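Following: one structure in structure tokens, then a few remarks.
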Amino acid sequence: MSVRTANPTALQVRTMTPGDTAHWDQFVFGCHAATFFHRAGWKEVIERAFGHRTHFLLAEENGAIQGVLPLAENDSRLFGHSLSSLPFCVYGGIAASTEPARQALDEEAQKLAASLNVDFLEYRNTVPFHTDWPGKDLYVTFRKTIDPDVEANMLAIPRKQRAMVRKGIKAELASEIDNDVERFFSVFADNVHRHGTPALPKRYFALLQEVFGRDCEVLTVVKDEQVLSSVLSFYFRDEVLPYYAGDTLAARDVAANDFKYWELMRRACERGIKVFDYGRSKRGTGPFDFKKNWGFEPQPLHYEYQLHRAKTVPDTNPLNPKYRLFIKLWQHLPLSVANAIGPYIVRNLG
């Protein structure tokens with residue numbers, strides 16, 4: 001998809017090519033509206049891990065990028081045909097440095113959605129954009145500044161939650177940085193299985209490490225060489241984003257989950273990171289309450305949908321009552337079976 005003008009110096013929208021990758025990321029790192037999920041590497045990750053078609057659009061003028069819009073197409077018999085920015089990512093939508101670039105990318109995305117005959121076009125915005133479109137008021141994010149002093153961060157944690165962190169310290173837990181995703185995946189897959197949802201494939205997490213390198217880090221909590229908890233985090237500019245996590249049943253007795261996030265915050269503080277992004281949670285859930293207990297305040301996310309063939313906003317999250325039976329059945333599957341067939345289901349849930 002490409003829109004070109006008679007004047008090659010005028011604003012134009014086109015698809016990203018392999019030769020654009022470095023300039024795309026240079027723009028993303030310098031654009032205030034951009035997030036880690038706007039990085040060019042997501043194109044490779046989504047295509048290789050899930051086989052989805054991607055449409056990464058850029059707006060440029062005089063050879064300089066002024067806006068980007070990463071999109072991926074998900075065509076599923078079970079969950080419909082969508083064009084989204086961006087599946088498997090909590091933030092997305094248009095990141096632009098000028099209003100004309102933003103408008104041009106929006107117009108191109110709408111044309112693309114119509115030509116693909118999708119059910120809906122979705123933007124996962126951090127701020128409102130298309131208030132004239134139907135939205136979803138389900139998700140919030142939690143972000144907080146990291147103090148440059150480690151002890152100040154500890155004291156900023158509310159008293160009851162701080163006691164849980166100190167419980168983990170007293171239990172002599174240790175945190176380690178892993179070079180691969182093996183230990184992380186073992187606890188992650190077990191954790192999501194207990195909650196009745198399919199696990200993302202191990203190759204997806206390995207691809208995240210391969211594509212994003214040092215900006216994708218795994219921290220694992222152990223006690224006497226026993227793995228208790230693990231988290232895969234992204235680093236972007238001066239932010240750390242714990243994104244995927246898992247715990248064993250034994251983790252609760254020694255507050256390994258609480259200790260894990262404290263260790264991530266402590267390590268981030270020591271390397272000069274300034275923002276701790278606790279990530280997306282659904283309102284009214286345990287993770288929502290857990291993050292609030294750390295002293296983080298929820299900030300609404302604005303998921304906006306231009307409906308094409310669809311009549312209503314999609315609702316494929318586990319809180320939907322129609323998935324209760326599936327969740328109960330999934331919890332009773334052997335873990336090896338769940339891990340084998342889960343990736344074929346979750347690839348379309350994004």
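The values are calculated or read from the model by the stated rules, or taken from the named source; none is laboratory data. Keep in mind that this is a model prediction, so the values were computed, not measured. Neighbour counts are summed over all protein chains in view; Cβ atoms, including those assigned to glycine, are modelled from backbone coordinates with ideal geometry. In case anyone asks, the SASA skips ligands and DNA or RNA and just uses the protein heavy atoms, side chains included. Shrake-Rupley method; radii C 1.70, N 1.55, O 1.52, S 1.80 Å.
Summary table below
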{"item": "Nearest 10 degrees, 0 to 90: helix 99-116 Cα axis against the chain principal axis", "result": "90"}
{"item": "Residue among Met16, Leu249, Phe259 farthest towards the positive dipole end of the chain, charges placed on Cβ", "result": "Leu249"}
{"item": "Centroid-to-centroid separation of segment 18-38 and segment 188-244 [C-alpha atoms, Å]", "result": "23"}
{"item": "Solvent-accessible area per residue for segment 145-187 (1.4 angstrom probe, square angstrom)", "result": "61"}
{"item": "Lys136-Glu225 FRET efficiency (beta carbon distance; Förster radius 45 Å; 0.05 resolution)", "result": "0.55"}
{"item": "Cα→Cβ-extended label distance, 7 Å offset, between Asn62 and His195, nm", "result": "4.8"}
{"item": "Kirkwood hydrodynamic radius of segment 147-273, from inverse mean 1/r over distinct Cα pairs, in Å", "result": "15.0"}
{"item": "Share of carbon and sulfur in the accessible heavy-atom surface of the chain [1.4 Å probe, %]", "result": "52"}
{"item": "Cα gyration tensor category, rounded, prolate or oblate, for segment 217-304 with a/c compared to 1.5", "result": "oblate"}
{"item": "Amide H within-cut-off set for Tyr278, under 5 Å, with H built and near neighbours excluded", "result": "Phe142, Arg143, Lys144"}
{"item": "Inter-label distance for Val150 and Ile169, nm, one decimal - labels placed 7 Å from Cα along Cα-to-Cβ", "result": "0.9"}
{"item": "Above-threshold pairs, the threshold being 32 Å between Cα atoms, out of Lys111/Lys202; Lys170/Lys274; Lys202/Lys292; Lys111/Lys274; Lys202/Lys291; Lys43/Lys260", "result": "Lys111/Lys202; Lys111/Lys274"}
{"item": "Additional length obtainable on full extension of the chain from Glu176 to Ser336, 0.36 nm per residue less Cα span", "result": "55.0 nm"}
{"item": "Hull-based mean projected area of the chain, where the convex hull spans the alpha carbons, in square nanometres", "result": "17.8"}
{"item": "Built amide H within the under 5 Å cut-off of Ser76, gap 5+", "result": "His81, Ser82"}
{"item": "Structure-based [θ]222 nm, the chain - -39500 (n - 2.57) summed over DSSP H runs of at least 4, per residue, nearest 500", "result": "-11000 deg cm²/dmol"}
